[in-house]
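Student: Could you have a look at this structure, given as structure tokens, before my questions?
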Amino acid sequence: MIQHYVVVLAPQGGGGWCAHFPDIPGCRAMGDGIEQAIENSSREAMLRIERTHELPVPRSQSEIRADDVWARQRGIDWSEAVFAQAPLGVQG
């Protein structure tokens, strides 16, 4: 089953981007550009999903945006963040 998950991308002070999957706890990765950050974090997300054999229920962008605690804990400034969608899934 494939689900589409929101990816929150935060620019890094020294350059590059950090991509977070808010619905997959602890899943984030860096990249020099947005695409690389998404690719790197998608690999990490798939490893976590394969270990647990569970596909979390994806939240909407507005639900994630409303989660100020999550953003504050990660130092994400919503005025600079970029949102993307990434397909993740497990083989049935």
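Readers should treat all values here as calculations from the given coordinates under stated rules, not as data from a laboratory. As the structure is a prediction and not an experimental result, all values here were calculated from the model. Note: ideal-geometry Cβ built from the backbone for every residue, glycine included; neighbour counts use all protein chains shown.
Student: So, in the stretch 57-73, of the ones that are within 17 Å of A45 (Cβ to Cβ) and touching a Pro at 6+ places or on another chain (Cβ under 9 Å), which residue ends up surrounded by the most Cβ atoms within 10 Å (Cβ to Cβ)?
Tutor: I64
Student: If you don't mind, another one. Is it the case that A29 is crowded, with 16+ Cβ neighbours inside 10 Å and more than 25 Å from I2 (Cα to Cα)?
Tutor: Criteria not met by A29.
Student: Next question, about the same structure. Looking at the stretch 55-67, can you tell me whether even one residue there is among the aliphatic types (A, V, I, L, M) and free of Cβ contacts under 8 Å to residues at least 12 places away in the same chain?
Tutor: For the stretch 55-67, residues among the aliphatic types (A, V, I, L, M) and free of Cβ contacts under 8 Å to residues at least 12 places away in the same chain: present.
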